[in-house]
Amino acid sequence: MTPCHLLAIALCGLGLSMPAAAADTVIAHVTLIDGTGGPALQDAWVHLADDRVSAIGTGAPPKRGDEIDGTGKFLIPGLIDTHVHIGGGRIRAEIGGAADEVAARRAAAVPSLHGYLYSGVTSVYDSGNFEDFIFPMRDAERAGEIVSPRIFATGGVVAFPRGYGSGPGATLIGSEEDFDALDRHLDWQPDMVKFIIDPQGRRGIPESPIFTPELLKQAIGRVHARGIRTTVHIPTEVEARMAIEAGIDALAHPAARTDTSAEFPAYVVEKGIPVSTTLTVFSNIAKVADNPGMFDTPLYRATLPEEERNRQKTTERERYIDSGMSAFFTRMLPGMQRNIRASHDNGITLALGTDRSFGPTVHQELELIVESGISPVEAIRIATLNGAIYLGTENDLGSIEVGKLADLVMLSADPTEDVTNAQSVVAVFKGGREIDLSMLDLPVNAH
Ligand SMILES: [Zn+2]
């Protein structure tokens, strides 16, 4: 058995995939922005051995393996979206059996996964989906059967019966008697289990039943007993505090539907709870009413088929307007951005999340974070290292440091000058291997 096989086994234990071994590669003469929020390193080189970063230095690079000239380029860690919902899980095959259905769902999901890679995103956390869809996709990604960002997934959410989020695919816990359902959910080995506590639902009207604090505490304990982290959808500080007291590990959205108390940020910091930013879901649903052209940017055109862009501009737009969500989210957005800025200033670990399904939204989120008053270099940390912290994978992912997996993005323009330059992706590496962007199943490659 070669050392490489031993390494593969070790990594399997961490739930992280290792593609076939890459040759030694050195990226030379590049400006390194390592994801930790520190100053950029000029004329740097990064040596990759197999799937990891093996050495970093400046000046003349070591003469080992293939050399990639990074002159005039910028190297950042692969971006991480800590809140996505990959599309395709509801597709039912018209004819044929289960195998056709799996194939149809995969065919629908792979282009959107390719859109993430093209956008420089090398890890996504699917924060609510159908278990028989997302876990096989995750398995396919880890087995190297599909070209995809690393997939982390919760599967179905855990919700209170008849409460918000209790729709198809959810695991419903109304009392301890339902814990066998939770155990069956845990048998899928979710990377992080997501609970829902939202008495207000989508419209801000208090109406939905939620867990009792005691039931929530027991359920979270049951998840932790399997060594699995937890996150939670909450609308306000009240539910956030209840979840944190019950032992939750992270928040799937800011607690920003109403203003938080002055003491809340320090409490979140003290408890060590990272928060997924998810401004884009609110911003897109708010802004599409007046600006359906937002789906026609170069990155959207490159990655999203025209039919899907049109669907966003028509059917989806009408749904958001008619349901009142556009108006509601328009009212909420300024408070959410104030909350993001205050959270950051008070030392809360923010992790980029979009609550959307397409790669370009990660760049919208970066812009919204910077627009909130956070510096681009901090926004990049939020989109990389902090994402790994959110997922509990920071020992392997999230920054360009010796020993970590080599998930890297090379840019042609400086993202610390202007965060929209994070869209200037020229190369993407996952586990030390360069992704062939020209082979991705995307409109930009259709000829
Ligand atoms: Zn979500």
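The values are calculated or read from the model by the stated rules, or taken from the named source; none is laboratory data. Predicted model, so just to flag it, every value in this text is computed and none were measured. Note: ideal-geometry Cβ built from the backbone for every residue, glycine included; neighbour counts use all protein chains shown. Side chains are part of the model used for accessible areas, which takes the heavy atoms of the whole protein and leaves out ligands, DNA and RNA. Shrake-Rupley method; radii C 1.70, N 1.55, O 1.52, S 1.80 Å.
Looking only at region 75-94, decide whether some residue is more than 17 Å from the chain's Cα centre (by Cα), open to solvent by 50 Å² or more (accessible area, probe 1.4 Å) and within 16 Å of the ligand (Cβ to nearest atom).
yes
I need the full set of residues from region 339-369 which are without any contact (Cβ under 8 Å) to a residue 60 or more places away in the chain and touching an Asp or Glu at 6+ places or on another chain (Cβ under 9 Å), in order please.
H344
Is it the case that H447 is modelled with pLDDT under 95, surrounded by fewer than 24 Cβ atoms within 10 Å (Cβ to Cβ) and not hydrophobic (A, V, I, L, M, F, W, C)?
Judged against the criteria, H447 is a match.
Which helices (runs of 4 or more DSSP H) sit wholly inside region 137-247 and have at least 3 residues that are open to solvent by less than 30 Å² (accessible area, probe 1.4 Å), within 16 Å of the ligand (Cβ to nearest atom) and outside the structural domain of A327 (by TED's automatic domain parsing)? Outline the logic, then answer.
Numbers: elements: 179-186, 213-224, 237-245.
Correct list: empty, since no element meets the threshold.
Restricting attention to region 120-136, report how many residues are in contact (Cβ under 8 Å) with a residue 60 or more places away in the chain and open to solvent by less than 10 Å² (accessible area, probe 1.4 Å). So that I can check it myself, show each step before the final result.
Going through region 120-136, the residues in contact (Cβ under 8 Å) with a residue 60 or more places away in the chain turn out to be 120-123, 125, 127-128.
If we keep only those that are open to solvent by less than 10 Å² (accessible area, probe 1.4 Å) too, we end up with 120-123, 125, 127.
Looking only at that region, the number is 6.
Every residue, every condition in (1) farther than 18 Å from V268 by Cβ; (2) within 16 Å of the ligand (Cβ to nearest atom), yes or no:
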residue	(1), (2)
M332	yes, yes
G347	no, no
L350	no, no
P360	yes, no
V377	yes, no
A413	yes, no
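Within region 108-119, does at least one residue satisfy the condition of being surrounded by fewer than 24 Cβ atoms within 10 Å (Cβ to Cβ) and in a loop (DSSP other than H, G, I, E, B)?
No, region 108-119 contains no residue that is surrounded by fewer than 24 Cβ atoms within 10 Å (Cβ to Cβ) and in a loop (DSSP other than H, G, I, E, B).
Could you tell me whether G96 is touching a Ser or Thr at 6+ places or on another chain (Cβ under 9 Å) and modelled with pLDDT under 95?
no
Do we have any residue at all in region 333-342 that's small (G, A, S), surrounded by fewer than 18 Cβ atoms within 10 Å (Cβ to Cβ), closer than 19 Å to L251 by Cα and outside the structural domain of I56 (by TED's automatic domain parsing)?
yes
Would you say T82 is within 17 Å of F429 (Cα to Cα) and not in a loop (DSSP other than H, G, I, E, B)?
In short, no.
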